[in-house]
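**Student:** Below is the structure I would like to discuss, written out as structure tokens.
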Amino acid sequence: MNQCCVIGGAGFIGRYVVEGLLERGRRVTVLDKNASAPRIFPAEVRCVCGDYGEGAVLRDALEEADEIINLAYATVPSTSVADPVRDILTNLPAAIGLFEFTTGRAVRKIVNVSSGGTVYGSAQTLPIAEGHPTDPISPYGVTKLAIEKYAFLYHRLKGLPIVTVRPANAFGERQQPFTGQGFVATAIASILRGEEVVLYGESGTIRDYIHVVDLANGIAAALEHGQSGSFYNLGSGVGRSNKEILDAIRPLARSAGLEVHVKVLPPRGFDVGVNILNSQKLEQETGWKARVSFAEGLERTWNWFYDNHRRDAGARGGTVRNGS
């Protein structure tokens, strides 16, 4: 039975990846800085709490692992712009350290989870296939691309069995709002709080949104069937603007007696205007397909946030009425 170590497994995407691996019959180790990780997962999941950039922690987590999925990343695009040096130092050395540590070890496959939304930069053609030029316009995207380059370097020069996955924008139940990533979660949470939803530009940016269950299954497909040294986009192939997302949320909000209030700010220079991914390579080589429609995923996400909002309001002793 394969033992897979999921680095960053206690995060939003990581939790779904772990659940999917368990359903596939794998044994799983989670390596995460989050000290509450052991309380998140069932008893059969081995949890190692710590920074994977520390050699002793990494050695402990990978003791029995023959597969690795690396989801760990310490920054988001907006924080990378505020402090580009921190973006490099908190992400790149740890990733290279992982590649160095695993070189020559009995590892069947490593999945490096990159960023389809940032490494390509401004789109020259749509949807974007893996052969599109990579010209990121944020420090976040530059560092993600640098990790990709090192991953390929270790594959080519040292035979490291690594594949890189470039995901689109994940959304779904349990996503943390107000982190600088995750427009759907932040928009829904803002509406439930009665706060304005911020758009950068009249319609915001256009992104490829994929439900987190489909994204997790795509990562697992790359682990099981991806070709070492290859890059795989992972998205829905459909672009939606922030304004279109809000238009889709509005009927759900009104059914709960809530309105959507929008605040428009100037566009940000580090935001790619349009990003839509072509995932045919992953589909053809692994058999993966997205199965959760956007409408279904959005409704599931809204219901999860709405139910938790009502429960939290009740726990505080407030009156729960019309979603408030």
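**Student:** Check off (1) surrounded by 13 or more Cβ atoms within 10 Å (Cβ to Cβ); (2) in a loop (DSSP other than H, G, I, E, B); (3) among the small types (Gly, Ala, Ser) for Ala313 and give me the number that stays unchecked.
**Tutor:** Only one criterion is unmet by Ala313, namely (2).
**Student:** Please state which of the following conditions Arg291 fails to meet, knowing it meets all the rest: (1) touching a helix residue (DSSP H, G or I) at 6+ places or on another chain (Cβ under 9 Å); (2) at pLDDT below 95.
**Tutor:** Failing condition for Arg291: (2).
**Student:** Here is a follow-up. Report the residue count in the stretch 142-198 for those that are buried (at least 17 other Cβ atoms within 10 Å of the Cβ), under 22 Å from Ile276 (Cβ atoms) and not hydrophobic (A, V, I, L, M, F, W, C).
**Tutor:** Residues that pass the stated criteria total 11.
**Student:** Please identify the pairs in which a residue from the stretch 16-35 that is surrounded by fewer than 16 Cβ atoms within 10 Å (Cβ to Cβ) has its Cβ atom under 7 Å from the Cβ atom of a residue that is of a type in the set (A, V, I, L, M), counting only partners at least 6 apart or on another chain.
**Tutor:** Qualifying pairs under 7 Å: Arg24/Ala220; Gly25/Met1.
**Student:** Checking Glu202 against (1) buried (at least 21 other Cβ atoms within 10 Å of the Cβ); (2) under 18 Å from Ala248 (Cα atoms); (3) out of contact with any Phe, Trp or Tyr (no Cβ under 7 Å at 6 or more places or on another chain), which single condition isn't satisfied?
**Tutor:** Answer for Glu202: the failing condition is (1).
**Student:** Out of the residues in the stretch 90-120 that are in a helix (DSSP H, G or I) and of a type in the set (A, V, I, L, M), state the one that is nearest to Gly273 (Cα to Cα).
**Tutor:** To start, the set of residues in the stretch 90-120 that are in a helix (DSSP H, G or I) comprises 92-102.
This time we only want the ones that are of a type in the set (A, V, I, L, M), so: 92, 94-96, 98.
Working: Leu92: 26, Ala94: 30, Ala95: 28, Ile96: 30, Leu98: 33 Å.
Here the answer is Leu92.
**Student:** Of (1) modelled with pLDDT under 95; (2) of a type outside the set (Val, Ile, Thr); (3) surrounded by 20 or more Cβ atoms within 10 Å (Cβ to Cβ), Ser78 satisfies all except one. Which?
**Tutor:** The number of the failed condition is (3).
**Student:** Between Ala123, Ala56, which is over 24 Å from Ala222 (Cα atoms), crowded, with 16+ Cβ neighbours inside 10 Å, hydrophobic (A, V, I, L, M, F, W, C) and out of contact with any Lys or Arg (no Cβ under 8 Å at 6 or more places or on another chain)? Walk me through it before giving the result.
**Tutor:** Numbers: Ala56 fails: crowded, with 16+ Cβ neighbours inside 10 Å.
After applying the criteria, what remains is Ala123.
**Student:** Still on this structure, I have one more. Could you identify the single residue in Ile191, Ile219 that is more than 30 Å from Val111 (Cα to Cα), assigned to a helix (DSSP H, G or I) and in contact with a helix residue (DSSP H, G or I) (Cβ under 8 Å, 6 or more places away or on another chain)? Even if it seems obvious, please write down each step before you answer.
**Tutor:** Numbers: Ile219 fails: more than 30 Å from Val111 (Cα to Cα).
Sole residue among the options that is more than 30 Å from Val111 (Cα to Cα), assigned to a helix (DSSP H, G or I) and in contact with a helix residue (DSSP H, G or I) (Cβ under 8 Å, 6 or more places away or on another chain): Ile191.
**Student:** Only one of (1) crowded, with 17+ Cβ neighbours inside 10 Å; (2) free of Cβ contacts under 8 Å to residues at least 40 places away in the same chain; (3) basic (Lys, Arg) fails for Arg86. Which number is that?
**Tutor:** Condition (1) is where Arg86 drops out.
**Student:** Hey, among the residues in the stretch 148-184 that are assigned to a helix (DSSP H, G or I) and touching a Ser or Thr at 6+ places or on another chain (Cβ under 7 Å), which one's nearest to Arg268 (Cα to Cα)?
**Tutor:** Selected residue: Val184.
**Student:** Go through (1) touching a helix residue (DSSP H, G or I) at 6+ places or on another chain (Cβ under 9 Å); (2) surrounded by fewer than 17 Cβ atoms within 10 Å (Cβ to Cβ); (3) not basic (Lys, Arg) one by one and return the number of the condition Gly131 breaks.
**Tutor:** Status for Gly131: all satisfied but (1).
**Student:** Further question: Please indicate, with yes or no, whether at least one residue in the stretch 182-195 is out of contact with any His (no Cβ under 9 Å at 6 or more places or on another chain), among the polar types (S, T, N, Q) and over 30 Å from Phe152 (Cβ atoms).
**Tutor:** yes
The values are calculated or read from the model by the stated rules, or taken from the named source; none is laboratory data. Quick caveat, the model's predicted, so the values are computed rather than measured. Note: ideal-geometry Cβ built from the backbone for every residue, glycine included; neighbour counts use all protein chains shown.
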